[in-house]
Amino acid sequence: MFHDIWKTFLGFLQGFGAMSLFFLRLLQYTPAVLVTRFRLVFYQVYNAGALSIVIIMVCGLFVGGVLGLQAYSNLERFNAEDTTGIFAGFALIKEIGPVITALLFAGRAGTALASEIGLMKATDQLSAMEMMAVDPLRYVAVPRFLGGVISVPLLTAIFTTIGLLGSHLVAVELLGVDVGAYWQQLQNALDMEDVMEGIYKSITFGIIASLLAVWEGYNSVPTAEGVGRATTRTVVITAIAVLIFDFMITAWIL
Amino acid sequence: MTLSDTLIELRDVDFSRGDRPIFRDLNLTIRSGEVTAIMGPSGTGKTTLLQLITRQLSPDSGQVFVAGDDIARYGISELYRMRQRMGMLFQNGALLTDMSVFENVAFPLREHTKLGERLIRNVVLLKLQAVGLRGAAGLMPSELSGGMARRVALARAIVMDPALLIYDEPFVGLDPISMGVIAKLIRQLNDALGITSIVVSHDVKEIGEVADYSYVIADGKVAASGRPAQLRNEPSELVRQFMLGLADGPVAFHYDAPDIEEQFIGSKPD
């Protein structure tokens, strides 16, 4: 039993070490890829980012709406419904915006990246590139990684903005909170530090979600089952990692 | 054989996958300008052998020489330079699925040369013409049949004018017409371009018609080698079984299993 736990722990350390080296290699190639293959990066921003906008906007609208609803119904008891904007805004900008965007990104784009790279591996496309003296890490992995890293903060900004709009619709338009109070209270309470917290988180989550998607695809077992497993692992591990890092960043900043 | 005749040499190569040994003391040479066939039953490591020659894998011990150089000593840039002189046709073609046929063939040119668009167009169409698929330049890989995909991959493999062409199971899953086309192309390209070809296959009939020299690999070693006519008269039981396609012989029909009576009845009758 103890032996099994030890072996699992060692396996985890080994995997973590290999992924860290993979991450360093991605970073090492990043400047060259940005200069020589910017077209590929740009396409991946479209592929992973632009194609996720609709799902991000729909979810943002409803998450904002539910926050407005919850905030209003609780604050009303203390006659503090004018502060609904603060509640919804802080929750969206500092926590919910970055976290849910990262989780949605992992579900929509991370799975697509992992399965695409996994299938390229299973159908020998990566080996074919190596045989054509083209490094698949530079041609396939780095552009997809960078596409995700650039997309997630942008998607977070869209999610948060639409979320604030959703919260405004519910609190102001449906429940009758004064529009001036809603936005003024939020503006007064919100510091640049709060916004920066959300930005730091979205950048970190972008790196985590993109790295895990590319890593899982690149290291998948080249079979149908292996690619399926890599896709599932991408979502599960990204969700866990994002929530752990969310706690760590919040604890560090506060 | 003089040294200049030899393009590739494997010397005392050992290779294992996990605990399973694939090659033990494998020695083999590939001569320049010839079509050399690597044959053998399934699972004997023929594709692994190609991966050793191209250094997609490294041997546990022994050396692999390409054009006289020990490729284990190559750094990454030298390795990629060597691979630019090689073309490889994968079992399933391995075309890049997000690019058209034209872009697939143009891919190595765009990556490794600074040729203008017009010149790239001409070279790509010429190579597609050589495999009979100039008319398919605008199709996507998903629109091609298995045989067509392999021919496009062949056009891509020769687009950089390599000195060595490697074919991994080029006949698998093809209809007789496509098989004949690929066999004809292997011979034609080898002679017209003055290159060296290695063909891994277990298709004895087709490969016998195009190969100048053949190796039969079994049990991690070279079981037999020679010109196709010599191999047909090879006394070894295993080589005879392989060349004649016999179901049973040294390569057993049955996979290792427990005693049949014991397994079905429960205990062995006295």
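The values are calculated or read from the model by the stated rules, or taken from the named source; none is laboratory data. This is a predicted model, so every value here is computed, not measured. For neighbour counting, all protein chains shown are included, and Cβ atoms are generated from backbone atoms with ideal geometry for every residue, glycine included. Accessible surface is based on the protein model in full, side chains and every heavy atom, while ligands, DNA and RNA are left aside. Shrake-Rupley method; radii C 1.70, N 1.55, O 1.52, S 1.80 Å.
Structure data summary
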{"quantity": "Members of region B:61-81 found to be in contact (Cβ under 8 Å) with a residue 24 or more places away in the chain and either within 21 Å of A:Pro136 (Cα to Cα) or charged (D, E, K, R) (or both), listed by number", "calculated": "B:Leu79"}
{"quantity": "Single match in A:Thr84, A:Thr36 (criterion: polar (S, T, N, Q), out of contact with any Lys or Arg (no Cβ under 6 Å at 6 or more places or on another chain) and open to solvent by less than 40 Å² (accessible area, probe 1.4 Å))", "calculated": "A:Thr84"}
{"quantity": "Residue count for region A:210-254, restricted to those that are outside any helix (DSSP H, G or I) and under 15 Å from A:Thr123 (Cβ atoms)", "calculated": "4"}
{"quantity": "Residue within region B:60-76 that is within 14 Å of another protein chain (Cβ to nearest Cβ), farther than 18 Å from B:Ala137 by Cα and open to solvent by 50 Å² or more (accessible area, probe 1.4 Å) present", "calculated": "yes"}
{"quantity": "Sole residue being in a helix (DSSP H, G or I), buried (at least 17 other Cβ atoms within 10 Å of the Cβ) and facing chain A (nearest Cβ under 9 Å), chosen from B:Phe102, B:Phe107", "calculated": "B:Phe107"}
{"quantity": "First in region B:42-60 and on the phi > 0 side of the Ramachandran plot, second anywhere and surrounded by fewer than 17 Cβ atoms within 10 Å (Cβ to Cβ) and among the charged types (D, E, K, R), Cβ under 9 Å, 6 or more apart", "calculated": "B:Gly45/B:Arg17"}
{"quantity": "Residue match in region A:109-131 (condition: surrounded by fewer than 24 Cβ atoms within 10 Å (Cβ to Cβ) and away from every other protein chain (no Cβ under 14 Å))", "calculated": "yes"}
{"quantity": "So A:Gly89, is it surrounded by 22 or more Cβ atoms within 10 Å (Cβ to Cβ), over 23 Å from A:Leu21 (Cα atoms) and not hydrophobic (A, V, I, L, M, F, W, C)", "calculated": "yes"}
{"quantity": "Restricting region B:113-124 to residues that are in a helix (DSSP H, G or I) and surrounded by fewer than 16 Cβ atoms within 10 Å (Cβ to Cβ), the residue that is nearest to the other protein chains (Cβ to nearest Cβ)", "calculated": "B:Glu117"}
{"quantity": "A:Val214 touching a helix residue (DSSP H, G or I) at 6+ places or on another chain (Cβ under 6 Å), of a type in the set (A, V, I, L, M, F, W, C) and open to solvent by 30 Å² or more (accessible area, probe 1.4 Å)", "calculated": "no"}
{"quantity": "The listed residue being open to solvent by 50 Å² or more (accessible area, probe 1.4 Å) and touching a residue at least 24 places away in the same chain (Cβ under 8 Å), out of A:Leu190, A:Leu175, A:Leu137", "calculated": "A:Leu175"}
{"quantity": "Residue match in region B:142-152 (condition: among the hydrophobic types (A, V, I, L, M, F, W, C), in contact (Cβ under 8 Å) with a residue 12 or more places away in the chain and within 9 Å of another protein chain (Cβ to nearest Cβ))", "calculated": "no"}
